[in-house]
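The values are calculated or read from the model by the stated rules, or taken from the named source; none is laboratory data. Remember, it's a predicted structure, so these values are computed and weren't measured experimentally. Methodologically, a virtual Cβ is constructed for each residue, glycine included, from the backbone with ideal geometry; neighbour enumeration extends over all protein chains shown.
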Ligand SMILES: Nc1nc2c(ncn2[C@@H]2O[C@H](COP(=O)(O)OP(=O)(O)O)[C@@H](O)[C@H]2O)c(=O)[nH]1
Ligand SMILES: [Mg+2]
(Lines give C-alpha, C1' and ligand atoms only; values in the text may rest on other atoms or scores of the structure.)
(Ligands and ions follow the chains in the order given, each with its own letter.)
Protein backbone atom coordinates (compact mmCIF):
# COMPACT_ATOMS: atom_id res chain seq x y z
CA UNK A 1 0.00 0.00 0.00
CA UNK A 2 2.55 2.76 0.91
CA UNK A 3 1.99 6.42 1.75
CA UNK A 4 0.29 8.84 -0.61
CA UNK A 5 3.64 10.56 -1.25
CA UNK A 6 5.43 7.32 -2.12
CA UNK A 7 2.55 6.20 -4.32
CA UNK A 8 2.52 9.58 -6.16
CA UNK A 9 6.30 9.32 -6.57
CA UNK A 10 5.92 5.77 -7.87
CA UNK A 11 3.33 6.82 -10.44
CA UNK A 12 5.25 9.98 -11.45
CA UNK A 13 8.29 7.81 -12.08
CA UNK A 14 6.40 6.15 -14.92
CA UNK A 15 6.93 7.59 -18.35
CA UNK A 16 3.23 8.42 -18.68
CA UNK A 17 1.42 8.44 -15.33
CA UNK A 18 -2.31 8.95 -15.83
CA UNK A 19 -3.59 12.14 -14.28
CA UNK A 20 -7.02 13.70 -14.15
CA UNK A 21 -8.59 16.68 -12.49
CA UNK A 22 -12.24 16.32 -11.51
CA UNK A 23 -14.78 18.45 -9.64
CA UNK A 24 -17.48 17.46 -7.14
CA UNK A 25 -20.47 19.79 -7.28
CA UNK A 26 -24.12 19.73 -6.24
CA UNK A 27 -26.52 21.37 -3.80
CA UNK A 28 -25.43 22.37 -0.30
CA UNK A 29 -25.68 19.46 2.11
CA UNK A 30 -25.90 16.81 -0.60
CA UNK A 31 -22.74 15.14 0.71
CA UNK A 32 -19.89 16.44 -1.49
CA UNK A 33 -17.29 16.82 1.26
CA UNK A 34 -18.29 13.50 2.83
CA UNK A 35 -17.75 11.82 -0.54
CA UNK A 36 -14.41 13.59 -1.08
CA UNK A 37 -13.06 12.16 2.17
CA UNK A 38 -14.72 8.79 1.61
CA UNK A 39 -12.72 8.64 -1.64
CA UNK A 40 -9.51 9.89 -0.05
CA UNK A 41 -9.57 8.14 3.32
CA UNK A 42 -12.16 5.40 2.77
CA UNK A 43 -14.02 6.37 5.91
CA UNK A 44 -16.93 8.57 6.94
CA UNK A 45 -15.70 11.87 8.35
CA UNK A 46 -17.62 14.55 10.20
CA UNK A 47 -17.79 17.58 7.90
CA UNK A 48 -18.10 21.29 8.52
CA UNK A 49 -19.61 23.59 5.87
CA UNK A 50 -17.08 24.00 3.05
CA UNK A 51 -15.92 27.65 2.77
CA UNK A 52 -15.53 27.91 -1.03
CA UNK A 53 -13.68 24.86 -2.18
CA UNK A 54 -11.35 22.14 -0.97
CA UNK A 55 -8.86 20.41 -3.21
CA UNK A 56 -7.30 17.04 -2.45
CA UNK A 57 -4.98 14.75 -4.35
CA UNK A 58 -5.70 11.08 -4.28
CA UNK A 59 -4.52 7.98 -6.02
CA UNK A 60 -7.29 5.96 -7.56
CA UNK A 61 -6.10 2.70 -9.10
CA UNK A 62 -3.31 3.90 -11.45
CA UNK A 63 -4.50 7.51 -11.76
CA UNK A 64 -3.39 10.59 -9.86
CA UNK A 65 -6.60 12.50 -9.26
CA UNK A 66 -6.87 16.12 -8.26
CA UNK A 67 -10.36 16.42 -6.77
CA UNK A 68 -12.03 19.80 -6.24
CA UNK A 69 -14.98 19.94 -3.84
CA UNK A 70 -16.68 23.18 -4.89
CA UNK A 71 -19.24 24.81 -2.63
CA UNK A 72 -20.29 28.18 -3.98
CA UNK A 73 -23.97 28.16 -3.13
CA UNK A 74 -26.70 29.58 -5.31
CA UNK A 75 -24.59 32.61 -6.28
CA UNK A 76 -21.87 30.50 -7.78
CA UNK A 77 -23.35 29.43 -11.14
CA UNK A 78 -20.91 31.24 -13.45
CA UNK A 79 -18.02 30.60 -11.07
CA UNK A 80 -18.76 26.89 -11.12
CA UNK A 81 -18.30 27.01 -14.89
CA UNK A 82 -14.91 28.55 -14.21
CA UNK A 83 -14.04 25.73 -11.79
CA UNK A 84 -14.90 23.21 -14.48
CA UNK A 85 -12.52 24.73 -17.04
CA UNK A 86 -9.53 22.53 -17.70
CA UNK A 87 -11.02 19.59 -15.79
CA UNK A 88 -11.65 16.19 -17.29
CA UNK A 89 -14.99 15.37 -15.64
CA UNK A 90 -17.22 15.91 -12.65
CA UNK A 91 -19.40 14.22 -10.08
CA UNK A 92 -22.78 15.87 -9.51
CA UNK A 93 -24.04 14.95 -6.05
CA UNK A 94 -27.73 14.96 -5.11
CA UNK A 95 -29.25 14.09 -1.71
CA UNK A 96 -31.71 11.40 -2.86
CA UNK A 97 -33.94 12.03 0.18
CA UNK A 98 -34.29 15.79 -0.37
CA UNK A 99 -36.84 16.20 -3.16
CA UNK A 100 -37.03 19.96 -2.48
CA UNK A 101 -33.55 20.35 -4.00
CA UNK A 102 -34.26 18.38 -7.19
CA UNK A 103 -35.59 21.29 -9.23
CA UNK A 104 -32.63 23.57 -8.40
CA UNK A 105 -30.25 20.69 -9.04
CA UNK A 106 -31.83 20.17 -12.43
CA UNK A 107 -31.58 23.88 -13.32
CA UNK A 108 -27.97 23.98 -12.26
CA UNK A 109 -27.13 20.96 -14.35
CA UNK A 110 -29.06 22.01 -17.44
CA UNK A 111 -28.31 25.70 -17.57
CA UNK A 112 -25.23 26.50 -15.52
CA UNK A 113 -22.77 23.77 -16.17
CA UNK A 114 -20.54 22.85 -19.08
CA UNK A 115 -22.00 19.51 -20.03
CA UNK A 116 -19.34 18.74 -22.62
CA UNK A 117 -17.41 17.01 -19.85
CA UNK A 118 -18.13 13.41 -18.84
CA UNK A 119 -20.04 13.33 -15.57
CA UNK A 120 -21.79 11.04 -13.12
CA UNK A 121 -24.86 12.07 -11.15
CA UNK A 122 -24.51 10.54 -7.70
CA UNK A 123 -27.82 9.64 -6.05
CA UNK A 124 -26.27 9.97 -2.60
CA UNK A 125 -27.62 8.97 0.85
CA UNK A 126 -28.97 5.61 -0.35
CA UNK A 127 -28.53 4.35 3.24
CA UNK A 128 -31.48 6.51 4.37
CA UNK A 129 -35.16 5.50 4.32
CA UNK A 130 -37.05 7.42 1.68
CA UNK A 131 -34.07 7.81 -0.66
CA UNK A 132 -35.23 7.74 -4.27
CA UNK A 133 -33.51 5.19 -6.47
CA UNK A 134 -31.02 6.24 -9.18
CA UNK A 135 -33.63 5.59 -11.89
CA UNK A 136 -36.23 7.67 -10.03
CA UNK A 137 -33.65 10.46 -9.84
CA UNK A 138 -33.21 10.25 -13.63
CA UNK A 139 -36.96 10.98 -13.91
CA UNK A 140 -36.98 13.74 -11.27
CA UNK A 141 -34.06 15.57 -12.90
CA UNK A 142 -35.31 14.74 -16.43
CA UNK A 143 -31.82 13.54 -17.23
CA UNK A 144 -33.05 11.63 -20.26
CA UNK A 145 -33.58 14.94 -22.02
CA UNK A 146 -29.96 16.00 -21.50
CA UNK A 147 -28.04 16.52 -24.68
CA UNK A 148 -24.75 15.88 -22.97
CA UNK A 149 -22.09 13.74 -24.50
CA UNK A 150 -21.40 11.39 -21.61
CA UNK A 151 -23.25 10.95 -18.37
CA UNK A 152 -24.45 8.23 -16.06
CA UNK A 153 -26.18 7.94 -12.71
CA UNK A 154 -25.05 5.85 -9.72
CA UNK A 155 -26.55 5.28 -6.30
CA UNK A 156 -24.15 5.66 -3.38
CA UNK A 157 -23.68 6.52 0.26
CA UNK A 158 -20.78 8.61 1.53
CA UNK A 159 -21.49 7.28 5.01
CA UNK A 160 -21.39 3.53 4.27
CA UNK A 161 -19.18 3.85 1.18
CA UNK A 162 -21.63 1.79 -0.90
CA UNK A 163 -21.26 2.51 -4.62
CA UNK A 164 -18.66 5.28 -4.25
CA UNK A 165 -15.64 3.40 -5.62
CA UNK A 166 -17.72 2.02 -8.51
CA UNK A 167 -18.94 5.49 -9.46
CA UNK A 168 -15.43 6.93 -9.57
CA UNK A 169 -14.25 3.93 -11.57
CA UNK A 170 -17.03 4.59 -14.09
CA UNK A 171 -16.12 8.27 -14.33
CA UNK A 172 -12.43 7.44 -14.87
CA UNK A 173 -13.39 5.04 -17.68
CA UNK A 174 -15.58 7.73 -19.28
CA UNK A 175 -12.69 10.22 -19.05
CA UNK A 176 -10.31 7.71 -20.66
CA UNK A 177 -12.84 7.12 -23.48
CA UNK A 178 -13.30 10.88 -24.00
CA UNK A 179 -9.52 11.35 -24.20
CA UNK A 180 -9.28 8.75 -26.98
CA UNK A 181 -11.73 10.69 -29.16
N1 LIG B 1 -27.04 9.29 5.96
C2 LIG B 1 -26.18 9.90 5.16
N3 LIG B 1 -25.74 11.13 5.46
C4 LIG B 1 -24.85 11.72 4.63
C5 LIG B 1 -24.35 11.08 3.46
N6 LIG B 1 -23.47 11.92 2.87
C7 LIG B 1 -23.41 13.02 3.63
N8 LIG B 1 -24.24 12.91 4.69
C9 LIG B 1 -24.49 13.91 5.75
O10 LIG B 1 -25.06 15.07 5.13
C11 LIG B 1 -24.56 16.24 5.77
C12 LIG B 1 -23.92 17.17 4.74
O13 LIG B 1 -22.77 16.51 4.22
P14 LIG B 1 -21.57 17.35 3.55
O15 LIG B 1 -20.61 16.36 2.99
O16 LIG B 1 -21.03 18.36 4.50
O17 LIG B 1 -22.37 18.10 2.36
P18 LIG B 1 -21.85 19.20 1.31
O19 LIG B 1 -22.43 20.52 1.74
O20 LIG B 1 -22.44 18.77 -0.01
O21 LIG B 1 -20.36 19.17 1.31
C22 LIG B 1 -23.59 15.76 6.86
O23 LIG B 1 -24.29 15.71 8.07
C24 LIG B 1 -23.19 14.37 6.40
O25 LIG B 1 -22.82 13.50 7.46
C26 LIG B 1 -24.85 9.76 3.17
O27 LIG B 1 -24.51 9.12 2.15
N28 LIG B 1 -25.76 9.24 4.04
MG1 LIG C 1 -18.97 20.65 1.82
### Message
Any residue at all in the range 137-146 that's out of contact with any helix residue (DSSP H, G or I) (no Cβ under 9 Å at 6 or more places or on another chain) and without any contact (Cβ under 8 Å) to a residue 60 or more places away in the chain?
### Response
yes
#### Entry: Lone qualifier among 158, 86 - being within 16 Å of ligand 2 (Cβ to nearest atom), assigned to a loop (DSSP other than H, G, I, E, B) and within 21 Å of residue 72 (Cα to Cα)
158
### Query
So which residues in the range 89-102 are part of a helix (DSSP H, G or I) and more than 11 Å from residue 137 (Cα to Cα)?
100, 101
### Residues located in the range 86-110, provided they are under 26 Å from residue 21 (Cβ atoms), surrounded by fewer than 16 Cβ atoms within 10 Å (Cβ to Cβ) and in contact (Cβ under 8 Å) with a residue 40 or more places away in the chain
86, 104
### Query
Out of the residues in the range 17-69 that are modelled with pLDDT under 90 and part of a strand (DSSP E or B), which is nearest to ligand 2 (Cβ to nearest atom)?
53
### Message
Looking at the range 127-137 only, could you name the residues that are assigned to a helix (DSSP H, G or I) and surrounded by fewer than 18 Cβ atoms within 10 Å (Cβ to Cβ)?
### Response
135, 136
#### Entry: Tally of residues being touching a helix residue (DSSP H, G or I) at 6+ places or on another chain (Cβ under 6 Å) and part of a loop (DSSP other than H, G, I, E, B) across the range 161-181
1
### Task
Kindly indicate whether residue 30 is farther than 23 Å from residue 147 by Cα, in contact with a helix residue (DSSP H, G or I) (Cβ under 8 Å, 6 or more places away or on another chain), within 15 Å of ligand 1 (Cβ to nearest atom) and touching a residue at least 60 places away in the same chain (Cβ under 8 Å).
yes
### Query
Can you name the residue in the range 100-129 that is more than 23 Å from residue 170 (Cα to Cα) and within 11 Å of ligand 1 (Cβ to nearest atom) and is also modelled with the lowest pLDDT among such residues?
101
#### Entry: Evaluation of residue 47 against (1) under 15 Å from the mean Cα position of the chain (by Cα); (2) at negative phi (one fails), failing number
(1)
